[in-house]
Amino acid sequence: MKLATKIGLIAGVVSIYFPVVGITERFDDRTIIDGVLTLGSTIFLVIALAAGYVVAKPRHLPGEEPEPPGPSALLYGAVASGIAGVMAGLFVLLADSVDLRTVLISVTGTLIERLSFGGSAGSAVVIMAVGGAALGALGAGLQLISQSIRRPLVIALGAALLISLTEPLLNAVIPEVLSKLGLKDDTSWLYTGGGLSVTGAILVLVLTFVGVFAWTSRGERVRQAYAGRSNRDRRLIKGGALLLLALFMAYLPQILTSFLSEILGTVGLYILLGLGLNIVVGYAGLLDLGYVAFLAVGSYSTALFVSERSSLGWTLPYWQVVPLTIVIATVIGIMIGGPVLRLRGDYLAIVTLGFGEIARVIVQSDWASPTLGGAQGILGVTAPEVFGVDLREPRNLYYVILISVILVAFISWRLSRSRVGRAWNAMREDEQVAEAMGVSIIGYKLLAFGTGAALGSLSGMFFAIKLGSVFPSSFNLLVSINVLALIILGGMGSIPGVIVGAFVLVGLPELLREFGEFRLLIFGIVLVSLMLLKPEGLIPSRRRKMELHADELEEEQYDDSAGQGGAEPVVT
Amino acid sequence: MSGSEQTPKQTGEPILKLVGVDSYYGPIRALEDVNIEVYQGEIVCLLGSNAAGKTTTLKTILGMVKPRSGEIYLRGNRIDGKKTTEIVAQKVTMVPENRRLFTRMTTRENLEIGAELRDDKDGIEKDLQKVLEIFPRLEERINQRAGTLSGGEQQMLAMGRALMARPEVLLMDEPSMGLAPILVEQVFKTIKEINDQGTTVFLVEQNAHMALEIADRAYVLQTGNIVLSDSAEKLLNDPKMQEAYLGEVT
Ligand SMILES: Nc1ncnc2c1ncn2[C@@H]1O[C@H](COP(=O)(O)OP(=O)(O)OP(=O)(O)O)[C@@H](O)[C@H]1O
Ligand SMILES: [Mg+2]
């Protein structure tokens, strides 16, 4: 009961917060289901449902069997969300009688009117309290039904919300696909009024529910069948899936709007950067906060040798510029790596942070500006033609980036399973012992810095080509932080993690543009919730999982050895 | 130091020799004028209570702590001042205190890291099989993360990892720490077997009784100084040892 009160109060505060900062009013223009739900009211629904759901969640001490929630959970859920409703209602009452606009500019008359559902402010308290309690009980009820139904239901609701939210994106793409398939490019069956239509909502809910339900009830068998295959078969299946994914990615620009293709290219660049930094941070465990320096080196080196307007006065063909840039970056990477070999963890982070800033300061300095162009940067980076393909065309550049990503991901993957990857792992875990086993710490650290630098400069090269020019202001600390964040978000040391992380971290803010000033707020909420729900990252490498979910994995491993037919109980 | 008796294995040049070694951690002196000789094929034991400087001695040999003065010889060549990897490459390997496995790597990966300095793929694979023969328990857990092994299995893996380097001199830091008596016995038996196959063992222990049973000779370290050295047999019966180290253990 105490918990119910606590959660209720939190939910209440949250549900007052949204209208106060103006989100509710603004989002009321955004349709979720046409004529039924707006985004503004959806937020309240979700809060009330979630409060009830959380309160009713069975709690248990580690090692104990969780007690299945009884009908009393319904009551607690209702209480929690009821409290939230009363709080929100009282707020409306307050706002109605006292003019709050002087302090809280978003609390307008229309907002109050809306929140009172057209009635008096007094009736709002009742409606919100009763409605909240009902929703809370409903949320709690989710805990009571069996997992096999609850999961598909929750996922279906989430999918409907997601599909509705991505309407501007999908509604631009789907007609294209339909007409390519020779169908009528009419999407009114799915989308109307900027959100899902009623039929669309029902369609999505039912399809997702059935799909997920089928997967949860049959999926286990599929997974077992997969695990039962020979190693070679499994590799073939995996390879086939990856190939399909690559083909899909290659096809995407054909159907996407140019704005979306543009974002896709940026995501690709960040994937490249992420893969590079992942080697330094994820594999070798060297926390490098100055990674942007290599992006800068790659960009500037490219611009310097390619642009006719660069200070050099002569240009080199691309086939010479590419290796030259990579060599320069690698050398600089090793040079930066040298002085910080003895540093670890936080110290290393601070020093590399300094290096990143130094790189920018040098470029902007009077001393370097005759060569590097100072704040004006270098203009006129002409894109190359490769085998007659003009890379100035964004779509073509996208393909080159896509191929590079595939190549670099493959190299990363091979590295992680090689002797070098093993040595990096050992070094990351225990430098001293690794050295005592003969792992050359200096050598492997420099190798990590060098490889990371080379890959970073590759993205830098694309960056320069994409923009057609380079400016020092593009290479700020935020880039380093973003790349590190996408690695952490995806899961340290995990290649698919880097890719998904880049999509979420770089792609999501772009897609959220329609929410204007609330974009970063939503983005922040998404990031924080993701990290709370999956601290090890979205697609963690097995090794990292160990760290954060050691208990679960131990069980899994016990099963592993059982599968291999040798599970005798451990004596010690 | 008491006059020690020659044992049969003390012939020719010592394979490992410390002469007047002083080691410091900043201003703190951890080793003072330490003289130790280890001959080919011996098991030599270094005994001492907590903080005596036993681990420091091993670290000094491996170059992880640089001696401030004194000399260290391996097969007659000076190795003090050399890099750890160079010393390890000369077939000296350590089983560190507290095992210090790479806990997130599998048993197999831990063993493979042990062979980091070797290039003979076939030889490595053969030695891997040999290690798994010595410790059959590890074979069952070959793909399990080292961190999830039991304490006893971890000690076996730590020893196996060291053996993968095919060492000629094996430095072991308290291999019996934290193990049940029956496992301690097994570990010491294995050390003896490893030694019988020709590996010289320099063993750091607090479990003096068990260690002296398998050792040829032993040194006793006290706050950085060697205070006693003799054949294991003599020390086992030495009244001074009896009261200081052996009484409480047995
Ligand atoms: N890295 C270090 N920095 C400073 N002092 C250290 C360091 N390592 C060890 N010492 C000190 O040196 C002395 C000897 O330590 P050492 O680890 O060699 O002891 P030990 O004989 O191995 O003890 P134990 O049996 O407890 O492992 C101790 O007083 C210890 O505090
Ligand atoms: Mg010690």
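All of the numbers you see were taken from the coordinates with simple rules; none came from a lab. Predicted, not measured: the structure shown is a model, and the values here were computed from it. A quick note on method: Cβ atoms are made from the backbone with ideal geometry, for glycine too, and the neighbour counts reach across all protein chains shown.
Based on alpha carbons, the Rg and Dmax found for the protein assembly as shown are 33.5, 105 Å.
With both labels modelled 7 Å from their Cα along Cα-to-Cβ, the A:Ser179 to A:Ser230 distance reads 5.0 nm.
Shielding value for A:423-433 is 5, the average number of Cβ atoms from other chains within 10 Å of each residue's Cβ. Across peptide B:102-109, the average count of Cβ atoms from other chains found within 10 Å of a residue's Cβ is 5. Where both bridge residues fall in the protein assembly as shown, DSSP classifies roughly 60% of the beta bridges as antiparallel. Estimated from helices alone, the mean residue ellipticity of chain A at 222 nm is -23000 deg cm²/dmol (sum of -39500 (n - 2.57) over DSSP H runs with n ≥ 4, per residue). Report note on the peptides A:179-188, B:233-242: ranked by the mean count of other C-beta atoms within 10 Å, highest first, their order is B:233-242, A:179-188. With the gyration tensor restricted to C-alpha atoms of segment A:92-211, the semi-axes of the equivalent ellipsoid amount to 36, 24, 11 Å, longest first. The value of relative contact order for chain A, using C-alpha pairs under 8 Å at least six residues apart, is 14 percent. Amide H contacts under 5 Å for B:Val227: B:Val220, B:Leu221, B:Gln222, restricted to partners 5 or more places along the chain or on a different chain, H placed in the peptide plane at 1.01 Å from N. On the beta carbon distance between A:Asp186 and A:Ile255, with R0 = 22 Å, the FRET formula returns roughly 0.85.
Judged by the mean number of other Cβ atoms found within 10 Å, the most tightly packed of the peptides A:232-240, A:358-366 leads the ranking A:358-366, A:232-240. Put simply, the amide H of B:Val65, placed in the peptide plane, has neighbours under 5 Å in B:Thr60, leaving out anything fewer than 5 places away on its chain. Relative contact order of segment A:244-540, taken over Cα pairs closer than 8 Å and 6 or more residues apart, is 33 percent. The GNM of chain B, with springs linking C-alpha atoms under 10 angstrom apart, assigns the highest mean-square fluctuation among B:Glu205, B:Glu42, B:Glu13 to B:Glu13. Ranked by the mean number of other Cβ atoms within 10 Å of their residues, highest first, the peptides A:310-322, A:38-50 fall in the order A:38-50, A:310-322. With both labels modelled 7 Å from their Cα along Cα-to-Cβ, the A:Leu520 to A:Ile442 distance reads 4.5 nm.
Once C-alpha pairs closer than 8 Å and six or more residues apart are averaged by separation and normalised to the residue number of chain B, the relative contact order reads 27 percent.
Residue by residue, segment B:220-228 carries 3J(HN,Hα) couplings of 10, 10, 9, 5, x, 10, 7, 9, 7 Hz when phi is fed to the Karplus relation 6.51 cos²θ - 1.76 cosθ + 1.60 (θ = phi - 60°); x denotes Gly or Pro. With all pairs of different C-alpha atoms in the average, the Kirkwood value for the hydrodynamic radius of segment A:244-540 is 19.6 Å. Length gained on full extension, A:Ile358 to A:Val154: 68.5 nm, using 0.36 nm per residue less the C-alpha separation.
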